[in-house]
Every structure is written in structure tokens, then in C-alpha cells.
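Quick notes on the structure that follows.
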Amino acid sequence: MNAASTSGRDPTADPSSLYFVDAAHPYAAAAATALTSHRAKSKWSHLSSVPVSSPLPSSAAAAVLLLLRRRPHTALRFHDFALRRLLPSHSPPPLVLSASAAHVAAASRLRGAALAVLASATRHYSPAQIFNALAATYRRFASAPFVFDLLLLAYLRSRRDALAAASVARRILAAGARPLPSTAAALIRSLPSAAAALDMYHQIYTHSSPQSNQLLLPTVHTFNSLLLAFYREGKCDEFKIVLQEMNKYSCKHNVCTYSIRMAEYCDRKDVDKAQGLWDEMIREGIQPDVTAYNTMIGGYCRAGEVGMAEEMFKNMEMGGIDPSATTFEWLVRGHCMAGDADTGMLVRADMRRRGFGLASEVVEELLDALCQNGRVHDGLGVLREEMRREEYVPTRRSYEVLIKGFCDEVEVEVAIILQAEMAGKGYNAGSEVYHAFIRAYEKSRDYEMVEKLRKEMAAMDT
């Protein structure tokens, strides 16, 4: 990374610069000496006895980090000490101090510490301000190039700000460098659209200056990020663009690549083509993971081939791959779609023994299947059991299915209790619930209630 200033002067040596590092300040040398000439237990008490102006200039605090850069843990501890004890409270950390601390950590490969410092800076300064501070102080601290990657990651992780991260990436490219492949892949994954992801890919790998360093070329993770971006938008026809780029770099598929491509076919219920990719993956010696198995199990269930899904599940366990909640949810859904609520309940029981619970939408499907088979009380039992889980929130549809089921059985009292519970959850009764009660009261020949409910429905529609 060429971080020299455009004028050729060192901004860290210019007292008028925002990035001045004042190594000649009396406190800088005294503090560094106190922290390097005494035992660990006493050096911080000696530091407290060093005379210090109030407030300490940030240029002097940054100089302490410069003098201690060969002792990064001590330097970073001083950074925290300065923010707490020496600098004005309730104000943003000085930019030059944050940049200095990030360089010390990056040069010593203390990735977590550098990310923490930069994440704090992102709360107070723009991407341009932080990037310029890092660039201005880079050479003085003999830093590592990946400090700029860490700034990009800080925006992705702490702020979830993909646009700010993209602006950092463009500044890295403008400086004649290139983000690390893992950082570039994370950025591409975070962008809001497939078009933006592909554009960023081309900015990094097509439009930027050629790089001879093989470590900076795109990897399979880069291409998987692009495939995933197109898949999420349903633009799977664009997969061919990504696959052509993979071929250009002689980049081989991994299990994630195959999973995304298989998911495309599974979504279209074209399980034969998905199975073809699965077989190719096995021939290439790539071991399927839980995501790959779940993709195929879900594909077979959607296609109505729940027997093949069960076969996949058996192979999965025989291969030593632990199923996830998603695995069981697909099997429950597959059996429900096939009208086999009994087997769906057996799968759910196995799932519960392993400590998993059903997602709300899968509960809806199971309740619907049970009610269609006249097992409305079993459906209510399922709902009550799932509601014991702290993270489970019953949906409006779950209540509607059960209310309709109990009304069909002319068990109006239970349906009324459920409707009241439903209202307590903030779900208003819709026309489906009203029609269910009307049919139940018609069966029991309670025409007074029928008329009352019809009037309520009419008032609701006006």
C-alpha cells in the first residue's frame, strides 16, 4: 500500500497536520520510559507519576504508541489508559490516536484489537477521514497493508454499513492495492443487490491494476458470494457469468458452490438436475455437508418425493453428518405435503428428542395437516408444546387453522378460547374465523349467533 502523502512530505512530522505525531514531546519519552524500564506490576504506577499537561495533546499520546510499537500489548493498554485518564472525556477518540493504535495492532497481527479500535472510530468519523488518517500515518508506524482491510471489515461488522465499506474498498483500489480475497468476498456478500455485487467484483478484479501476487486473486469464496447474490434475487440465469469467471481463474467448485447451484434446481422442482450436480460433486471427491444435504432433502420434499428425502436423511446420518433443525423441518413439511400427518408427527418427536423445535411456519403446516385428518386435538397439543419454548411465537395462521378445525368439529367453546387468546396476541379475527364460527353455529342451529356474527362481519367491511 503506497501511503505516502501526495506532496512527498511526512504529515506525521508536520505540527500543522491533523496527523502530527510529536515524538519530541516530553511526556512521550517519559511515558515510554516508565512503561519499559519497570516491572509489570509497578510500571503503571510509575506512569501515573509522570507529569502531564491537561489535556494531553493527542499528538503526544500518539507518540507514546509510536515509541512502544515493538511492545504492542503495552502500547494498546496505554491507548486505553490515555482515553480514560489523559484525554478529554465525553469526546470522540482523537483520529490520529485511533490510527496509531490500529497500526500498532495490525503490524503485530493483533487482528481483534485493531478491529476494536477501528470499530470505535467508525462511530465518530467518516470512511474518508479514517482512511486518510491510516494512510498518513502508515509509514511512520511501519504498518501492515491489511490494516485497510480491517477498516473495511469494521464497517461490515460493527456498523453493518456495506456502502461505507465499498467506499473504503474503492480507496484501497485507488491507492494501487487490492483487498484480501476473504475481505472482498465478505464485502460482495454484504452489498444490497446482485448488480452491485458484480460491479464491485469487476472493480476489484477486472478494472483494477493487474496483480502478480497470486494471494490477491479471487477465490472460490468470492465466486460463491456472487452466486449467492444472484440466487437470492432469483436471477439464476446469471450463474453462467460467475461460472465463466471461475473458469477464467481455473477455480474449482467447493461444497458451497454445488449447494447454491443445486438449490436453483430444487427451487424449480427439477430434482433430477440437482441430483446430477450431487453426483458430480461426489465424483470430484467433495464431501457433502449439512447444507448440501438439507438442500437436496428440501428439493425432494418440494417435488413430492418424500421417500427420496428420507433416503437422503439416512445417508446423511450414515455419513456422520449431524442433522440440523432445517433437516427435520423439511421432512415434517414433506410428509405434511404428502398428507401423511402421522409420519410428520413421528419426525417431530425425533426432532424434539434431539433438542430442536419447529419454526412457526412449519408448525402452521403441521397443524393444517392434522386438522385435515380430523386430529384437531393433537394439533392443539402441538401448539401448546411449542409455546413452552421461549423463542417460539405462535402465528395468526396457527390460531386460524385450529379455530377452523374446532368449529368444524362443533367444539365452539374451545374455538372461542383460542379466538380470545388470538386477540390477546394482537391478532384480529378475519373473515376466515368469522365464517368458521358461522358454520359451527349453523350446524348447532344457533341462528341467533349466526345473525349476530354476520352483522359484525358487515360492520367490519364498512
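We did not get these values from a lab; they are worked out from the coordinates using the rules stated. This is a predicted model, so every value here is computed, not measured. Here the Cβ is made from the backbone with ideal geometry for all residues, glycine too, and neighbour counts use every protein chain on show.
Summary of values
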read-out: Descending semi-axes in whole angstrom, ellipsoid equivalent of the stretch 283-374, from the Cα gyration tensor; value: 24, 14, 10
read-out: Cα-centre dipole for the chain with unit charges at Cβ (Lys and Arg positive, Asp and Glu negative), debye to 20; value: 3360 debye
read-out: Order by protection proxy (mean Cβ within 10 Å, highest first), peptides 186-193, 133-140, 416-423; value: 133-140, 186-193, 416-423
read-out: Projected area, mean over directions - the stretch 73-132, Cα convex hull, nm²; value: 3.9 nm²
read-out: Global size of the stretch 10-112 as Cα Rg and Dmax, reported in angstrom; value: 12.8, 38
read-out: Those lysines that a straight Cα-Cα span of less than 25 Å connects to Lys235, excepting residues fewer than 8 apart in one chain; value: Lys248, Lys252, Lys269, Lys273
read-out: Estimated D of the stretch 421-462 in µm² per second, where Rh is the Kirkwood radius over Cα pairs and Stokes-Einstein applies at 25 °C, 0.890 mPa s; value: 226 µm²/s
read-out: Reduced Cα scattering model of the stretch 306-462, Debye log10 I(q)/I(0), q = 0.21 Å⁻¹; value: -1.28
read-out: Net charge, Pro288 excluded, C-beta distance under 15 Å - Lys, Arg +1, Asp, Glu -1; value: -4
read-out: Over the chain: helical MRE at 222 nm, DSSP H runs n ≥ 4 each giving -39500 (n - 2.57), nearest 500; value: -20000 deg cm²/dmol
read-out: Segments 95-105, 351-361, 256-266, 369-379 sorted - mean Cβ within 10 Å per residue, highest first; value: 95-105, 256-266, 369-379, 351-361
read-out: Given charges at beta-carbon only (K, R positive; D, E negative), |dipole| of the stretch 395-462 in Debye; value: 180 debye
read-out: Among Leu95, Gly285, Ile260 - extreme Cα towards positive end, dipole of the chain, charges at beta-carbon; value: Leu95
read-out: Charged-residue dipole, Cβ positions (Lys, Arg, Asp, Glu), the stretch 49-206 about Cα centre, Debye nearest 20; value: 360 debye
read-out: Principal axis dimensions, the stretch 88-232 - Cα atoms, whole angstrom, descending; value: 49, 32, 23
read-out: Volume in Å³ per residue [convex hull over Cα atoms, computed for the chain]; value: 235 Å³
